[in-house]
Amino acid sequence: MFKFDKKQEVFKFGNINVGGQPGEYPTVLVSTMFYLKHKIVSDEDKGIFDKDKAEALWKTQEEMGDQTGLPYINQIVGETSEAIKKYIDWFVEICDDVPFLIDSSDGHVRAEAAQYVTEIGVAGRAIHNSINASVGAEEIRALTESKLDAAIVLAFNATDPSVTGKMQILEKGGTGQEKGMLEVAKECGITRPLIDVAATPLGAGSGATIRSVLAVKGKLGLPAGGGFHNMASAWDWMKNFKKTDPDAKTESWPPVDIGTNLVAQIMGANFLLYGPIENVKRVFPAVAMVDIMLGETAKDLGLSVLAENHPLNKLV
């Protein structure tokens, strides 16, 4: 393990620090709620869901965070504007301090969500997900007019999944964009960019995905992370294995799913979008374990563990 020569930016989100040298701050875990076909949702268009079950899931994450010392953020996904507004209303009512991502597969919904969090006064907690090569004029205008200053900036290059391709999208643009995504983000008023290195499937650039964590932090000094579990969920062999082996879903799949996060974490990733919040008890102890290793290494390299509740201080 290592430290970067480049000065590492650290962005504050309430009491959470995202960024820095490996081991200085605990890795931030990002859960996902209200995702497509989430069992607690009964109507994805209208945003009707089981509030008791949703709150139970969230409470479990709070408990795991308290036990391990790992900070956490919630990713709120909405299929429609009506739905995402209801999800946001619910979350800010039950939790008054934890940051949250606003996300949708529809740029119009993301644009309306950016406006909505500004209207209800919680833009300081919200993180737009994401500014990427397909961002349109409506979304850019909404972000610029909003009070949002934080966003995931996605390093996805549809024509070149290599490390070079990802860095080009961030710094120079491409695939229809004349500007780099970081410049677009800056023009939208984003002062706290979190770089998502854009996980790609095994055999289609997964190695470059992990190496991009080093490239982003080593060259730009910005917080880096991503939804690394997507590499596992897109693995065709594992998909077939789960269909043919009756024990695969409970025995073989969990370590693969959680393991993708740990690989990125040991390479310096600052935040992990770990997927469905139902995985909370699987991922928190594993990530805490690696953070202890990173904290020990940081001290060996002349750095300091800067968080009082770091797993190294809390669990050892």
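The values are calculated or read from the model by the stated rules, or taken from the named source; none is laboratory data. From a predicted model like this one, the values you see are computed outputs, not experimental measurements. A quick note on method: Cβ atoms are made from the backbone with ideal geometry, for glycine too, and the neighbour counts reach across all protein chains shown. Each accessible area value is taken on the protein alone, full model and side chains, heavy atoms only, with ligands, DNA and RNA left out. Shrake-Rupley method; radii C 1.70, N 1.55, O 1.52, S 1.80 Å.
Put simply, of 114, 158, 133 the only residue that is farther than 30 Å from residue 314 by Cβ and touching a residue at least 40 places away in the same chain (Cβ under 8 Å) is 133.
The residues of segment 136-169 include none that are modelled with pLDDT under 95 and within 16 Å of residue 186 (Cβ to Cβ). Would you confirm whether any residue within segment 255-265 is of a type in the set (Gly, Ala, Ser), within 18 Å of residue 3 (Cβ to Cβ) and out of contact with any Asp or Glu (no Cβ under 8 Å at 6 or more places or on another chain)? Scanning segment 255-265 turns up at least one residue that is of a type in the set (Gly, Ala, Ser), within 18 Å of residue 3 (Cβ to Cβ) and out of contact with any Asp or Glu (no Cβ under 8 Å at 6 or more places or on another chain).
Within segment 1-60, the only residue that satisfies the criterion of being charged (D, E, K, R), outside any loop (DSSP other than H, G, I, E, B) and open to solvent by less than 50 Å² (accessible area, probe 1.4 Å) is 43. The set of residues from segment 98-127 being under 17 Å from the mean Cα position of the chain (by Cα) and either polar (S, T, N, Q) or closer than 20 Å to residue 275 by Cβ (or both) comprises 98, 99, 100, 101, 102, 103, 104, 105, 110, 127. Restricting segment 268-316 to residues that are open to solvent by 80 Å² or more (accessible area, probe 1.4 Å) and free of Cβ contacts under 8 Å to residues at least 40 places away in the same chain, the residue that is nearest to residue 255 (Cα to Cα) is 282.
Scanning for something touching a helix residue (DSSP H, G or I) at 6+ places or on another chain (Cβ under 8 Å) and assigned to a loop (DSSP other than H, G, I, E, B), does segment 79-89 turn up at least one residue? Among the residues of segment 79-89, at least one is touching a helix residue (DSSP H, G or I) at 6+ places or on another chain (Cβ under 8 Å) and assigned to a loop (DSSP other than H, G, I, E, B), which makes the answer yes. When you scan segment 218-230, do you find a residue that is at positive phi, open to solvent by 20 Å² or more (accessible area, probe 1.4 Å), part of a loop (DSSP other than H, G, I, E, B) and not acidic (Asp, Glu), even just one? Checked against the condition, which is being at positive phi, open to solvent by 20 Å² or more (accessible area, probe 1.4 Å), part of a loop (DSSP other than H, G, I, E, B) and not acidic (Asp, Glu), segment 218-230 yields no hits at all.
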